[in-house]
2 protein chains.
Amino acid sequence: MPKAGHLHVILVRTRNPLNIGAVARAMSNFGFNSLRLVNPYTEAFREARSAVGAAQLLKDAREFKSVADAVADCSLVVGTTALRNRKLPHALKSPAAAAPLIRKRLASQDVAILFGSEKTGLSADDLSHCHWSVRIPTVGNISMNLGQAVAVCLYEIVRDRKSAPREKIDYATTAQLERVAAIFFELLRESGYVKPKTEPMSERKLRDLLRRLQISEDDAQQLQGMLRQIAWKIGAAGDRA
Amino acid sequence: MPKAGHLHVILVRTRNPLNIGAVARAMSNFGFNSLRLVNPYTEAFREARSAVGAAQLLKDAREFKSVADAVADCSLVVGTTALRNRKLPHALKSPAAAAPLIRKRLASQDVAILFGSEKTGLSADDLSHCHWSVRIPTVGNISMNLGQAVAVCLYEIVRDRKSAPREKIDYATTAQLERVAAIFFELLRESGYVKPKTEPMSERKLRDLLRRLQISEDDAQQLQGMLRQIAWKIGAAGDRA
């Protein structure tokens with residue numbers, strides 16, 4: 001039987017040390033312990049480490065240079081957004097709809113939930129690493145406090161803890177998806193589908209697309225093999241030309 | 001038809017102005033606007049009034065000398081407690097069990113939810129004004145942050161308000177999937193991934209794979225375009241060879 005996965009709370013570019021401390025406390029309240037920080041303001045992180053109540057969790061928190069690195073071992077990456085009318089590259093779910101999916105995946109694999117900075121939330125680039133996003137059903141124009149948003153999301157995950165049926169599919173980790181994306185992108189560039197000017201946008205779009213597809217480990221491997229063979233053919237043809 | 005009642009969030013002896021501000025913000029996030037304070041530290045309340053994001057709500061907040069006064073107009077008074085083994089004079093419910101009862105009552109009458117001070121929570125005397133209490137299902141010995149506890153309780157009350165974002169994905173029809181499959185298969189044959197002997201099986205495997213991916217209409221179109229371009233490149237190369 002595969003062992004249960006971990007839930008990683010990932011804070012992207014968090015500025016306020018009080019918020020990092022509040023997130024750590026919420027995590028410990030709901031029994032989660034893996035906090036990851038992507039490019040936090042150094043000062044903020046140092047101050048946060050001295051926060052009351054969740055010292056060990058903060059000491060164990062890991063820092064990453066990029067979202068890609070922070071989610072590499074996760075097979076489900078969930079974004080969060082405050083805005084109703086933001087154009088998202090993928091599905092938007094309520095916390096209530098999201099929680100069973102997250103619990104199911106956690107039965108065997110790692111899951112990440114991303115929270116953006118207090119000021120700007122998650123960027124389009126951050127969101128391109130996510131399979132889908134969650135929006136807490138708030139009203140009005142004031143965004144939620146970061147610690148409160150984390151608390152509500154984690155609460156929802158443990159709310160009905162007992163009854164998660166195990167999901168039997170092993171989904172591809174982000175690292176595997178990135179390997180598929182890399183070959184696919186190379187093919188698109190080689191074939192002229194991608195223009196040099198729009199490369200970064202195209203790469204993000206491809207990443208969005210691959211995440212929407214919910215690819216299993218086996219399928220990722222199969223796709224990788226197929227694309228590699230096609231790439232070889234194009235490469236070989238290119239050599240001959 | 002009787003008019004809908006108000007939900008009053010009642011903070012008893014709150015000490016930290018940041019917490020009062022955080023509570024006000026959570027209330028405004030979830031569409032509630034009646035905040036009542038029982039014996040707040042005067043200093044704390046004055047500082048809180050300048051908190052960002054929920055100014056009007058804080059300006060309208062009312063101060064009371066006793067819990068009895070603060071809940072006088074309510075027909076349901078709900079306590080909150082952090083402790084599992086506290087001896088309570090009444091029933092203890094989960095937020096999930098409490099929310100429907102609170103919503104039902106709010107259809108016609110006023111309801112109060114009491115939150116105690118950060119240090120000591122609600123006293124036995126405070127609890128004697130409550131019909132029953134709610135405990136958020138936390139683990140460990142660290143109590144929840146006040147603002148987060150309020151956020152979780154209010155979230156649970158609005159959770160099933162029906163406004164959950166609808167998932168509006170149009171999935172690709174079989175015909176669209178077949179078009180993607182046809183080009184993809186051509187590529188695999190052209191590149192030598194598919195051997196003539198095993199063609200039928202490979203085609204079926206590819207079809208299985210594409211169905212597992214749960215491709216949307218838009219994504220099918222995008223994939224079709226990508227693969228067509230790659231096929232064109234291979235074809236062009238092939239023509240030259």
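The values are calculated or read from the model by the stated rules, or taken from the named source; none is laboratory data. Every value quoted in this text rests on a predicted model; they were computed, and no experiment measured them. Neighbour counts are summed over all protein chains in view; Cβ atoms, including those assigned to glycine, are modelled from backbone coordinates with ideal geometry. Just the protein is used for accessible areas: all its heavy atoms, side chains included, with ligands, DNA and RNA removed. Shrake-Rupley method; radii C 1.70, N 1.55, O 1.52, S 1.80 Å.
Miscellaneous remarks
- Unmet requirement for B:R211, which otherwise passes all of (1) surrounded by fewer than 21 Cβ atoms within 10 Å (Cβ to Cβ); (2) of a type outside the set (V, I, T); (3) touching a Phe, Trp or Tyr at 6+ places or on another chain (Cβ under 7 Å): (3)
- Residue check for B:A22: at pLDDT below 95, within 30 Å of A:T81 (Cβ to Cβ) and within 22 Å of the chain's Cα centre (by Cα): yes
- Meets criteria (out of contact with any Phe, Trp or Tyr (no Cβ under 6 Å at 6 or more places or on another chain), assigned to a loop (DSSP other than H, G, I, E, B), within 11 Å of chain A (Cβ to nearest Cβ) and not β-branched (V, I, T)) for B:P89: no
- Long-range neighbours under 9 Å by Cβ, at least six apart or interchain, first residue closer than 15 Å to B:V111 by Cβ and touching a residue at least 60 places away in the same chain (Cβ under 8 Å) within the stretch B:67-84, second hydroxyl-bearing (S, T, Y) and open to solvent by less than 10 Å² (accessible area, probe 1.4 Å): B:T80/B:S133
- Scanning the stretch A:35-71 for residues that are among the polar types (S, T, N, Q) and either under 23 Å from A:D125 (Cα atoms) or open to solvent by less than 10 Å² (accessible area, probe 1.4 Å) (or both) yields A:N39, A:T42, A:S66.
- Counting the residues of the stretch B:75-84 that are surrounded by 22 or more Cβ atoms within 10 Å (Cβ to Cβ) and farther than 30 Å from B:G140 by Cβ gives 0.
- Among the residues of the stretch A:187-215, those identified as at pLDDT 85 or above, more than 7 Å from chain B (Cβ to nearest Cβ) and closer than 24 Å to A:V77 by Cα are A:E199, A:S202, A:E203, A:R204, A:K205, A:L206, A:R207, A:D208, A:L210, A:R211.
- Matching residues in the stretch B:139-164 - criterion: being in contact with a Gly (Cβ under 8 Å, 6 or more places away or on another chain), modelled with pLDDT of 90 or more and not small (G, A, S): B:N145, B:Q148, B:V158
- Test set (1) open to solvent by less than 10 Å² (accessible area, probe 1.4 Å); (2) over 25 Å from B:K119 (Cα atoms); (3) in contact with a strand residue (DSSP E or B) (Cβ under 7 Å, 6 or more places away or on another chain) - B:N29 fails condition number: (3)
- Considering the stretch B:92-131, and only residues there that are open to solvent by 30 Å² or more (accessible area, probe 1.4 Å) and assigned to a strand (DSSP E or B), the residue that is nearest to B:E156 (Cα to Cα) turns out to be B:K93.
- Pairs, first under 9 Å from A:T81 (Cα atoms) in the stretch A:122-135, second in a strand (DSSP E or B) and aromatic (F, W, Y), C-beta under 9 Å, six or more apart: A:L122/A:F115
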